[in-house]
Amino acid sequence: MRFDTKIRYDFVANRNKFFGFSIAMTVIGIVSLIIFSLNFGVDFKAGTNMDIAVGKQLTQEEAKDLLTGIGFEHVRPTVGGNGNHVTARFDEVLDQTKIKAVQNAFIEKYGDQVSAEVNIVSPDMAQELGKKTIIAVLIASAAIMLYVMVRFDWRSALAANIAILYDAFFVITIFSIFRLEVDLPFIAAILTTIGYSINDKVVILDRIRENLRFGNYKNKNQLAELVNASVWQTMARNIYTVLAVIIIAVCLLVFGSESIKLFALAKLIGLVSGAYSSICITSPLWYLLKSKEKRKVAVKPTTSS
């Protein structure tokens, strides 16, 4: 069994390198989570979020100085919109007196056109939101595994799901190591990463199934050639698809407002990880599972003399 596709790199033969790197990153992520945990935003811990429409242009430094002047030294406000909107997140549940103090400080400096929207997250609400987030990720992963199992086989489902969970955990690892804030947009980025990641994996698995249907391998070397050929046959499509979304994510990261920059960054990391895991984890892992399958050998009937 030979393929016309030029195999420029043998992903199957070098699978242990990819597995070793992925396991190392997973271990680093686990250690980072144990030592540092995640830098949860106000969405996942008790706190107060204030969106203040100022009506005039201001800088982030001016907003910071204003909040520092009334006793909130550790708050880092972000200025969005056209430079006339401030978002301030407080690590404590503010009572009405403190909320009024913040509003009055902005009104005194920028006039009566200042308005504020206040969102308070209680400790119970934050804990409940964290539980629902974990459940959402698990349900999404289980649904994807069931879909792949129905469409392909259990080997494809297991390989794809391991790679998808790696993608999600890789994003979490980067955010844990660099102490980036985890909020609801981050969770949206994780879930969309899972969705985009399964697309690449299904494309490769579908080509493997197609090549397997029209070709018959006799040994592990031929099976490895089949997997490598399938990867290279879909390489251009996968790269173009991922690059198109990466360009959008980079534009959001560079030109977007402060409120979506971390979402764009998480999405960008997830896209890169998804492209890597589709080629370097899913395909070699499927090969590893398939190569251990005991093939039935046809036995020629014997003729009695």
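The values are calculated or read from the model by the stated rules, or taken from the named source; none is laboratory data. Keep in mind it's a predicted model, so treat the numbers as computed, not measured. Positions of Cβ are backbone-derived with ideal geometry, glycine not excepted, and every protein chain shown enters the neighbour counts.
Computed values, structure above
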quantity	calculated
Any hit, the stretch 85-97, residues being assigned to a helix (DSSP H, G or I), surrounded by fewer than 17 Cβ atoms within 10 Å (Cβ to Cβ) and without any contact (Cβ under 8 Å) to a residue 40 or more places away in the chain	yes
Any hit, the stretch 141-148, residues being more than 23 Å from THR192 (Cβ to Cβ), assigned by TED's automatic domain parsing to the domain that holds ILE35, surrounded by fewer than 13 Cβ atoms within 10 Å (Cβ to Cβ) and not charged (D, E, K, R)	no
The listed residue being touching a strand residue (DSSP E or B) at 6+ places or on another chain (Cβ under 8 Å) and either closer than 30 Å to ILE190 by Cα or part of a strand (DSSP E or B) (or both), out of VAL137, VAL118, VAL102, VAL150	VAL118
From the options ARG237, ARG207, residue that is part of a helix (DSSP H, G or I), among the basic types (Lys, Arg) and surrounded by fewer than 19 Cβ atoms within 10 Å (Cβ to Cβ)	ARG237
Meets criteria (modelled with pLDDT of 90 or more, within 19 Å of the chain's Cα centre (by Cα) and surrounded by 11 or more Cβ atoms within 10 Å (Cβ to Cβ)) for PHE21	yes
Some residue of the stretch 179-191 being out of contact with any Phe, Trp or Tyr (no Cβ under 9 Å at 6 or more places or on another chain), small (Gly, Ala, Ser) and assigned by TED's automatic domain parsing to the domain that holds ALA159	no
Hey, LEU129 surrounded by 15 or more Cβ atoms within 10 Å (Cβ to Cβ), modelled with pLDDT under 90 and part of a helix (DSSP H, G or I) or not	yes
Residues of the stretch 26-39 satisfying the condition of being touching a helix residue (DSSP H, G or I) at 6+ places or on another chain (Cβ under 6 Å) and of a type in the set (A, V, I, L, M)	LEU33, LEU38
